[in-house]
Amino acid sequence: MTEIRTPITVAYGDGIGPEIMRATLRILESAGAALDIETIEIGEAVYKRGVPAGIEPSAWDSLRRTKVFLKAPITTPEGGGFKSLNVTVRKTFGLFANIRPCQAYAPFVSTLHPTMDVVIIRENEEDLYGGIEHRQTEDVVQCLKLITRPGTERLVRYGFEYARRYGRHKVSCFTKDNIMKLTDGLFHEVFDEVATDYPDLESEHWIVDIGAAKLADTPENFDVVVLPNLYGDILSDVAAQLAGSVGLAGSANIGQEVAMFEAIHGSAPRRAGQDLANPSGLLLGAIQMLMHIGQGDAASIVHNAWLRTIEDGVHTYDIFSPDHSREKVGTSAFADAVIARLGKTPKILPAAHYPISTEPIHIELSPRRRSQKTQTGIDVFVEWNSDGVLSLAKLLEECSGPDFQLSMITNRGQKVYPGGAPETFCVDHWRCRFEANDSGIVTTAQLISLLARLDGAGIPFIKTEGLYRFDGKPGYSLGQGQ
Ligand code: NAD
């Protein structure tokens, strides 16, 4: 019988990358994983050849062909002009979900939380990571935070589907929607909507600051956590370290077509070439890959042998301690120890039992809604240095003309006109809100003539934001920041 091998793309990376990749592939092969490996070059050497993304065009062809990428860490050269390879791959292939299981291995690896077993599922493409930043005035720079309904829905649905498939009981969501009512508010709203499709699972929402504190204090109360990109970036490292070590965590970056699997740590150049590094993070990423490609039997064999190795106290230097460890080994001896235990299961830690063959989780989005969108005004951001807000307000009111009224001016989100406190610290960046006089709808021609009047009065506008209503509901924050 001919064995069907799954094509995957492998990159050996930089620093400790080649050593931990060789160790990982040796273990996978010995466990009978059916893989047909294409190797690509990424990272430092490619950057230094003048390819700013650190990946050659031919490598993209391999990734498009196999759709599965097992990647060792790379070194990002210091200095400007180099793009993050991870961000490029994630965005190019729409790898919207980053999955990081964070599990304690007590009493075999030191941890403050011996029963911790949390899966962090982070949105991977949106939020503040669009890289849309501008310097607008002498004083002010801005970064655009984008949260979208479809981007959030597919991440949140993935979280619930993941929980169902892997026998988890609860999905928690962290946002800061008491402050960012529209952006984080949308993430929370979509979470609540999607949760109603999974009545078999518990769901809960925490404001991210207290949620993070609870996660650090009592991680055993959490199971699956879904988060927007920035909070997820920070808290997944915190959770991995809380569980025992960032060096033990693997991660999966999942898209609708392509998926990438890796360790969460970097290329640790100081440890390179010494056969010292722990291959566990990459191996645990590779176990997620085996599940993704429907080789759950190999995933269980590898995971159980790895757990048994950890239990037997065969440890690399980073997790070695005289209290828990029996033997200090290097990278390749650790791989040998795992291979020697293939077919064995852990005695104390819970054994892994993955479904033998599964399809990748596929997400269907809800039908798109269409609202009635109308524009009732405009926020004009202006640069203004002289004389304070009253002189600015006077000029703006003179410019508002027959169609608009100036309803407020804020500085860094704080209302300074009308009213305002003399103590408020102001910079050279003012948000000036003009609303349609009769609360009606404004036309593009009216907006253009308003901006022309501002220009004529010598008020430089930096940017504008439309004030839209969707089915009559304001699509903008109403008052000052909090
Ligand atoms: P790092 O994670 O590479 O290393 C920090 C320290 O952690 C190391 O000095 C080492 O003591 C320890 N460590 C990390 N992995 C280990 C392992 N497997 N076994 C034993 N010890 C381990 O972080 P860094 O030093 O900040 O970054 C080094 C390079 O890696 C940088 O160029 C950075 O840009 C890159 N990086 C790449 C990725 C990636 O490719 N996904 C991720 C993070 C950092």
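Points worth noting:
- The Cα trace of the range 373-474 gives Rg and Dmax of 13.3, 40 Å, the first to one decimal, the second as a whole number.
- Surface composition of the range 112-241: carbon and sulfur atoms hold 54% of the protein heavy-atom accessible area at a 1.4 Å probe.
- Alpha-carbon centroids, the range 286-350 and the range 218-281: separation in whole Å: 17 Å
- Convex hull per residue volume in Å³, alpha carbons only, for the range 163-312: 156 Å³
- Residues with amide H under 5 Å from that of Ser203, placed H, sequence gap 5 or more: Val171
- Angle between the chain longest axis and helix 17-30 axis [Cα atoms, degrees, rounded to 10]: 50 degrees
- In the calculated pair-distance distribution of the range 315-445, the portion above 17 angstrom amounts to 75 percent of the Cα-Cα pairs.
- In loop segments of the range 390-482 as defined by DSSP, the chymotrypsin sites (Phe, Trp or Tyr not before Pro) with at most 15 further C-beta atoms inside 10 Å of their C-beta are Phe425, Tyr476.
- In plain terms, the C-alpha convex hull of the range 212-262 casts an average shadow of 4.1 nm² when viewed from every direction.
- Cross-link table Lys67/Lys145; Lys181/Lys373; Lys71/Lys214; Lys181/Lys415; Lys176/Lys214; Lys214/Lys344, entries beyond 26 Å C-alpha to C-alpha: Lys67/Lys145; Lys71/Lys214; Lys214/Lys344
- The chain, dipole about Cα centre (Lys/Arg Cβ +1, Asp/Glu Cβ -1), debye to the nearest 20: 620 debye
- ³J(HN,Hα), Karplus 6.51/-1.76/1.60, whole Hz, each residue of the range 414-429, x for Gly, Pro: 9, 5, 10, 7, x, x, x, 10, x, 6, 4, 6, 10, 10, 8, 9
- Evaluated at q = 0.06, 0.14 Å⁻¹, a Debye calculation over the C-alpha positions of the chain (equal weights, vacuum) places log10 I(q)/I(0) at -0.35, -1.30.
- Centre-to-centre, using Cα atoms only, the range 398-451 and the range 362-384 are separated by 20 Å.
- For Lys67, the accessible area of its heavy atoms, probed at 1.4 Å with every protein chain present, is near 70 square angstrom.
- The range 235-387: C-alpha gyration tensor shape, a/c 1.5 cut-off, then a/b vs b/c: oblate
- With θ taken as phi - 60° and the Karplus curve 6.51 cos²θ - 1.76 cosθ + 1.60 applied, the whole-hertz 3J(HN,Hα) list for the range 199-207 is x, 6, 10, 6, 9, 7, 10, 10, 5 Hz, x standing for glycine and proline.
- Whole-number D in µm²/s for the range 1-160 (Stokes-Einstein; Kirkwood sum over Cα pairs; 25 °C, 0.890 mPa s): 131 µm²/s
- Computed with the Debye formula from one identical point scatterer per Cα of the range 73-134, without solvent, the log10 of I(q)/I(0) at q = 0.15, 0.30 Å⁻¹ comes to -0.70, -1.24.
- Rounded tilt (10° steps) of 296-311 against the dominant C-alpha axis of the chain: 80 degrees
- Other-chain or far-sequence residues with amide H under 5 Å of His429's (modelled H): Trp384
- Sparsely packed GluC sites (Glu not before Pro) within the range 95-155, loop by DSSP, other Cβ within 10 Å at most 14: Glu138
- Principal-axis tilt of helix 280-292 within the chain, Cα atoms, nearest 10 degrees: 80 degrees
- Over the range 112-241 - Rg/Rh using Cα atoms and the Kirkwood inverse-distance radius: 1.01
- Structure-based [θ]222 nm, the chain - -39500 (n - 2.57) summed over DSSP H runs of at least 4, per residue, nearest 500: -10000 deg cm²/dmol
- Among Pro402, Ala351, Trp206 the positive-end extreme of the charge dipole of the chain (Cβ point charges): Ala351
- Of the GluC sites (Glu not before Pro) in the range 324-431, those whose Cβ has at most 10 other Cβ within 10 Å and which sit in DSSP loop: Glu364, Glu423
- Whole-Hz ³J(HN,Hα) from phi, Karplus 6.51 cos²θ - 1.76 cosθ + 1.60, for the range 246-254, glycine and proline x: 4, x, 9, 9, x, 9, 10, 10, 10
- Percentage relative contact order, the chain, counting C-alpha pairs under 8 Å, at least six apart: 16 percent
- Rolling a 1.4 Å probe across the protein heavy atoms gives the chain an accessible surface of 45 Å² per residue.
- Accessible-area value, Asp36, 1.4 Å probe, nucleic acids and ligands omitted, Å²: 80 Å²
The values are calculated or read from the model by the stated rules, or taken from the named source; none is laboratory data. What you see is a predicted model; the values in this text were computed from it and never measured. Using ideal geometry, Cβ is built from the backbone for each residue, glycine included, and neighbour counts are taken over all protein chains shown. Surface areas here come from the heavy atoms of the whole protein model, side chains and all, with no ligands, DNA or RNA. Shrake-Rupley method; radii C 1.70, N 1.55, O 1.52, S 1.80 Å.
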